[in-house]
(Lines give C-alpha, C1' and ligand atoms only; values in the text may rest on other atoms or scores of the structure.)
Protein backbone atom coordinates (compact mmCIF):
# COMPACT_ATOMS: atom_id res chain seq x y z
CA UNK A 1 0.00 0.00 0.00
CA UNK A 2 1.40 3.37 -0.99
CA UNK A 3 1.05 6.31 1.35
CA UNK A 4 0.28 9.60 -0.28
CA UNK A 5 1.44 12.72 1.54
CA UNK A 6 -1.82 14.59 1.93
CA UNK A 7 -2.36 17.97 3.57
CA UNK A 8 -3.36 17.42 7.22
CA UNK A 9 -6.40 18.95 8.84
CA UNK A 10 -5.72 21.66 11.44
CA UNK A 11 -5.74 20.21 14.94
CA UNK A 12 -7.53 21.25 18.16
CA UNK A 13 -5.23 24.10 19.23
CA UNK A 14 -5.95 26.01 16.00
CA UNK A 15 -9.60 26.59 16.88
CA UNK A 16 -11.01 29.19 19.25
CA UNK A 17 -12.42 27.58 22.42
CA UNK A 18 -16.18 27.54 22.70
CA UNK A 19 -18.95 26.03 24.81
CA UNK A 20 -19.39 23.17 22.32
CA UNK A 21 -15.73 22.14 22.74
CA UNK A 22 -15.91 22.45 26.52
CA UNK A 23 -19.07 20.31 26.61
CA UNK A 24 -17.53 17.74 24.29
CA UNK A 25 -14.60 17.04 26.61
CA UNK A 26 -16.71 17.56 29.75
CA UNK A 27 -18.98 14.76 28.55
CA UNK A 28 -16.02 12.37 28.62
CA UNK A 29 -14.62 13.85 31.83
CA UNK A 30 -17.99 13.54 33.58
CA UNK A 31 -18.27 9.97 32.29
CA UNK A 32 -14.93 9.10 33.92
CA UNK A 33 -15.99 10.92 37.10
CA UNK A 34 -19.18 8.83 37.16
CA UNK A 35 -16.92 5.77 37.25
CA UNK A 36 -15.90 7.13 40.66
CA UNK A 37 -19.59 7.68 41.39
CA UNK A 38 -20.18 3.99 40.70
CA UNK A 39 -17.61 3.20 43.43
CA UNK A 40 -19.62 5.42 45.76
CA UNK A 41 -22.82 3.58 44.85
CA UNK A 42 -21.09 0.25 45.49
CA UNK A 43 -19.81 1.52 48.87
CA UNK A 44 -23.35 2.64 49.81
CA UNK A 45 -24.84 -0.76 48.91
CA UNK A 46 -22.03 -2.74 50.59
CA UNK A 47 -22.40 -0.61 53.75
CA UNK A 48 -26.15 -1.25 53.75
CA UNK A 49 -25.62 -4.99 53.30
CA UNK A 50 -22.99 -5.04 56.09
CA UNK A 51 -25.21 -3.67 58.87
CA UNK A 52 -26.05 -0.55 60.93
CA UNK A 53 -22.49 0.13 62.16
CA UNK A 54 -20.97 0.12 58.68
CA UNK A 55 -23.86 2.24 57.43
CA UNK A 56 -23.29 4.76 60.22
CA UNK A 57 -19.66 5.07 59.09
CA UNK A 58 -20.77 5.63 55.47
CA UNK A 59 -23.27 8.28 56.58
CA UNK A 60 -20.65 10.04 58.73
CA UNK A 61 -18.28 10.18 55.72
CA UNK A 62 -21.00 11.52 53.42
CA UNK A 63 -22.07 14.15 55.99
CA UNK A 64 -18.54 15.52 56.34
CA UNK A 65 -17.41 18.51 54.27
CA UNK A 66 -15.29 16.31 51.98
CA UNK A 67 -18.22 13.91 51.58
CA UNK A 68 -20.55 16.78 50.64
CA UNK A 69 -18.06 18.08 48.07
CA UNK A 70 -17.72 14.59 46.54
CA UNK A 71 -21.53 14.20 46.45
CA UNK A 72 -21.91 17.65 44.84
CA UNK A 73 -19.35 16.64 42.19
CA UNK A 74 -21.19 13.36 41.65
CA UNK A 75 -24.53 15.17 41.24
CA UNK A 76 -23.08 17.73 38.81
CA UNK A 77 -21.32 15.04 36.74
CA UNK A 78 -24.47 12.90 36.62
CA UNK A 79 -26.75 15.77 35.57
CA UNK A 80 -24.29 17.07 32.97
CA UNK A 81 -23.83 13.60 31.51
CA UNK A 82 -27.62 13.08 31.50
CA UNK A 83 -28.45 16.42 29.81
CA UNK A 84 -25.60 16.30 27.30
CA UNK A 85 -26.24 12.58 26.74
CA UNK A 86 -29.84 13.31 25.72
CA UNK A 87 -28.45 15.89 23.25
CA UNK A 88 -26.05 13.26 21.91
CA UNK A 89 -29.00 10.90 21.28
CA UNK A 90 -30.70 13.64 19.22
CA UNK A 91 -27.45 14.24 17.31
CA UNK A 92 -27.28 10.50 16.57
CA UNK A 93 -30.69 10.79 14.92
CA UNK A 94 -29.29 13.62 12.79
CA UNK A 95 -31.23 16.33 14.65
CA UNK A 96 -29.83 19.63 15.95
CA UNK A 97 -26.41 19.39 14.33
CA UNK A 98 -26.36 22.92 12.85
CA UNK A 99 -24.41 25.74 14.51
CA UNK A 100 -27.45 27.78 15.67
CA UNK A 101 -29.22 24.83 17.31
CA UNK A 102 -25.98 23.64 18.91
CA UNK A 103 -25.37 27.11 20.37
CA UNK A 104 -28.90 27.05 21.82
CA UNK A 105 -28.64 23.50 23.19
CA UNK A 106 -25.23 24.34 24.78
CA UNK A 107 -27.08 26.78 27.02
CA UNK A 108 -29.90 24.30 27.61
CA UNK A 109 -27.37 21.68 28.78
CA UNK A 110 -25.66 24.11 31.20
CA UNK A 111 -28.99 25.40 32.55
CA UNK A 112 -30.45 21.88 32.80
CA UNK A 113 -27.39 20.70 34.75
CA UNK A 114 -27.59 23.62 37.18
CA UNK A 115 -31.37 23.31 37.60
CA UNK A 116 -31.46 19.53 38.13
CA UNK A 117 -28.50 19.69 40.56
CA UNK A 118 -30.24 22.46 42.51
CA UNK A 119 -33.52 20.48 42.65
CA UNK A 120 -31.71 17.34 43.85
CA UNK A 121 -29.89 19.26 46.61
CA UNK A 122 -32.95 21.20 47.74
CA UNK A 123 -34.88 17.94 48.11
CA UNK A 124 -31.91 16.03 49.55
CA UNK A 125 -30.51 18.55 51.99
CA UNK A 126 -32.92 21.49 52.00
CA UNK A 127 -30.12 23.73 50.68
CA UNK A 128 -28.37 24.60 47.44
CA UNK B 1 -2.09 -11.88 -3.47
CA UNK B 2 -5.33 -10.26 -2.50
CA UNK B 3 -7.43 -8.23 -4.89
CA UNK B 4 -9.12 -6.37 -2.02
CA UNK B 5 -8.70 -2.63 -2.11
CA UNK B 6 -7.25 -1.09 1.09
CA UNK B 7 -10.63 0.48 1.92
CA UNK B 8 -12.46 -2.84 1.71
CA UNK B 9 -10.00 -4.35 4.19
CA UNK B 10 -10.74 -1.75 6.86
CA UNK B 11 -14.42 -1.07 6.19
CA UNK B 12 -16.46 -1.68 9.33
CA UNK B 13 -13.38 -1.84 11.52
CA UNK B 14 -12.53 1.06 13.81
CA UNK B 15 -9.84 1.07 16.47
CA UNK B 16 -12.06 -1.35 18.44
CA UNK B 17 -11.93 -3.86 15.52
CA UNK B 18 -15.63 -4.57 15.57
CA UNK B 19 -17.38 -1.89 13.55
CA UNK B 20 -20.47 -0.20 14.88
CA UNK B 21 -21.60 -2.85 17.40
CA UNK B 22 -19.90 -1.07 20.33
CA UNK B 23 -21.44 2.29 19.43
CA UNK B 24 -24.91 0.77 19.06
CA UNK B 25 -24.75 -1.02 22.44
CA UNK B 26 -23.58 2.23 24.06
CA UNK B 27 -26.65 4.00 22.62
CA UNK B 28 -29.14 1.33 23.70
CA UNK B 29 -27.73 1.50 27.23
CA UNK B 30 -27.87 5.32 27.13
CA UNK B 31 -31.58 5.34 26.21
CA UNK B 32 -32.36 2.95 29.08
CA UNK B 33 -30.27 5.03 31.50
CA UNK B 34 -32.30 8.23 30.98
CA UNK B 35 -35.41 7.09 32.93
CA UNK B 36 -33.33 4.90 35.27
CA UNK B 37 -31.12 7.85 36.29
CA UNK B 38 -34.17 10.01 36.95
CA UNK B 39 -35.59 7.23 39.17
CA UNK B 40 -32.22 6.72 40.92
CA UNK B 41 -31.71 10.40 41.76
CA UNK B 42 -35.36 10.89 42.78
CA UNK B 43 -34.96 7.91 45.14
CA UNK B 44 -31.58 8.62 46.74
CA UNK B 45 -32.35 12.28 47.47
CA UNK B 46 -35.09 11.01 49.79
CA UNK B 47 -32.57 8.79 51.61
CA UNK B 48 -30.11 11.50 52.72
CA UNK B 49 -31.67 11.89 56.17
CA UNK B 50 -33.17 8.41 56.47
CA UNK B 51 -31.81 5.98 59.07
CA UNK B 52 -30.45 2.50 58.33
CA UNK B 53 -33.75 0.64 58.76
CA UNK B 54 -35.73 3.03 56.54
CA UNK B 55 -33.24 2.57 53.68
CA UNK B 56 -33.15 -1.23 54.20
CA UNK B 57 -36.95 -1.49 54.13
CA UNK B 58 -37.07 0.62 50.95
CA UNK B 59 -34.45 -1.48 49.14
CA UNK B 60 -36.06 -4.72 50.37
CA UNK B 61 -39.28 -4.08 48.45
CA UNK B 62 -39.38 -5.69 45.00
CA UNK B 63 -39.68 -2.68 42.68
CA UNK B 64 -36.76 -0.65 44.13
CA UNK B 65 -34.59 -3.79 44.35
CA UNK B 66 -35.33 -4.81 40.75
CA UNK B 67 -34.81 -1.27 39.41
CA UNK B 68 -31.56 -0.95 41.39
CA UNK B 69 -30.26 -4.23 39.92
CA UNK B 70 -31.18 -3.13 36.38
CA UNK B 71 -29.59 0.28 37.01
CA UNK B 72 -26.34 -1.29 38.26
CA UNK B 73 -26.06 -3.67 35.30
CA UNK B 74 -26.84 -1.11 32.58
CA UNK B 75 -24.88 1.77 34.16
CA UNK B 76 -21.75 -0.32 34.63
CA UNK B 77 -22.09 -1.80 31.12
CA UNK B 78 -22.37 1.76 29.73
CA UNK B 79 -19.38 2.80 31.91
CA UNK B 80 -17.27 -0.07 30.65
CA UNK B 81 -18.06 0.75 27.00
CA UNK B 82 -17.30 4.45 27.57
CA UNK B 83 -13.98 3.86 29.35
CA UNK B 84 -13.03 1.35 26.66
CA UNK B 85 -13.64 3.97 23.93
CA UNK B 86 -11.54 6.55 25.80
CA UNK B 87 -8.59 4.12 25.97
CA UNK B 88 -9.00 3.27 22.25
CA UNK B 89 -8.97 6.99 21.39
CA UNK B 90 -6.15 8.31 23.57
CA UNK B 91 -3.79 5.42 24.36
CA UNK B 92 -1.58 4.45 21.45
CA UNK B 93 0.93 2.03 22.97
CA UNK B 94 -0.37 -1.49 22.41
CA UNK B 95 0.83 -2.86 25.79
CA UNK B 96 -0.70 -0.01 27.78
CA UNK B 97 -3.93 -0.32 25.75
CA UNK B 98 -4.32 -4.03 26.52
CA UNK B 99 -3.40 -3.52 30.19
CA UNK B 100 -5.94 -0.74 30.66
CA UNK B 101 -8.69 -2.67 28.84
CA UNK B 102 -8.12 -5.64 31.18
CA UNK B 103 -8.19 -3.34 34.24
CA UNK B 104 -11.40 -1.64 33.07
CA UNK B 105 -13.17 -4.95 32.46
CA UNK B 106 -11.99 -6.46 35.76
CA UNK B 107 -12.72 -3.28 37.72
CA UNK B 108 -16.23 -2.91 36.27
CA UNK B 109 -16.95 -6.61 36.87
CA UNK B 110 -15.86 -6.37 40.52
CA UNK B 111 -17.97 -3.25 41.17
CA UNK B 112 -20.99 -4.81 39.45
CA UNK B 113 -20.74 -8.13 41.32
CA UNK B 114 -20.18 -6.41 44.69
CA UNK B 115 -23.18 -4.09 44.12
CA UNK B 116 -25.49 -6.85 42.86
CA UNK B 117 -24.53 -9.15 45.75
CA UNK B 118 -25.24 -6.37 48.24
CA UNK B 119 -28.69 -5.61 46.80
CA UNK B 120 -29.58 -9.31 46.79
CA UNK B 121 -28.37 -9.71 50.39
CA UNK B 122 -30.52 -6.75 51.47
CA UNK B 123 -33.59 -7.70 49.44
CA UNK B 124 -33.71 -11.49 49.89
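Tabulated data
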| item | result |
| --- | --- |
| Unique match (being in contact with a helix residue (DSSP H, G or I) (Cβ under 8 Å, 6 or more places away or on another chain), touching a residue at least 60 places away in the same chain (Cβ under 8 Å), surrounded by 13 or more Cβ atoms within 10 Å (Cβ to Cβ) and more than 9 Å from chain B (Cβ to nearest Cβ)) among A:19, A:33, A:77 | A:19 |
| Residue in segment A:93-106 that is within 11 Å of chain B (Cβ to nearest Cβ) and in a helix (DSSP H, G or I) present | no |
| Answer residue from segment A:118-128, given it is within 10 Å of chain B (Cβ to nearest Cβ) and either surrounded by 13 or more Cβ atoms within 10 Å (Cβ to Cβ) or outside any helix (DSSP H, G or I) (or both) and is modelled with the lowest pLDDT among those | A:126 |
| Filter result for residue B:59 (surrounded by 18 or more Cβ atoms within 10 Å (Cβ to Cβ), touching a helix residue (DSSP H, G or I) at 6+ places or on another chain (Cβ under 9 Å), closer than 19 Å to residue A:78 by Cβ and within 11 Å of chain A (Cβ to nearest Cβ)) | no |
| Checking residue B:46 against (1) surrounded by fewer than 17 Cβ atoms within 10 Å (Cβ to Cβ); (2) more than 10 Å from chain A (Cβ to nearest Cβ), the condition it does not meet | (2) |
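So that you can scan it fast, the table gives a plain yes or no per residue for (1) over 20 Å from residue A:28 (Cα atoms); (2) part of a helix (DSSP H, G or I); (3) touching a residue at least 60 places away in the same chain (Cβ under 8 Å); (4) under 17 Å from the mean Cα position of the chain (by Cα):
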| residue | (1), (2), (3), (4) |
| --- | --- |
| B:70 | yes, yes, no, yes |
| B:75 | no, yes, no, yes |
| B:79 | no, yes, no, yes |
| B:82 | no, yes, no, yes |
| B:86 | no, yes, no, yes |
| B:92 | no, no, no, no |
| B:100 | no, yes, no, yes |
| B:103 | no, yes, no, yes |
| B:107 | no, yes, no, yes |
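The values are calculated or read from the model by the stated rules, or taken from the named source; none is laboratory data. Only a predicted model underlies this, so the values are computations on that prediction, with no experimental measurement involved. So basically every Cβ, Gly included, is an ideal-geometry build from the backbone, and we count neighbours across all protein chains shown.
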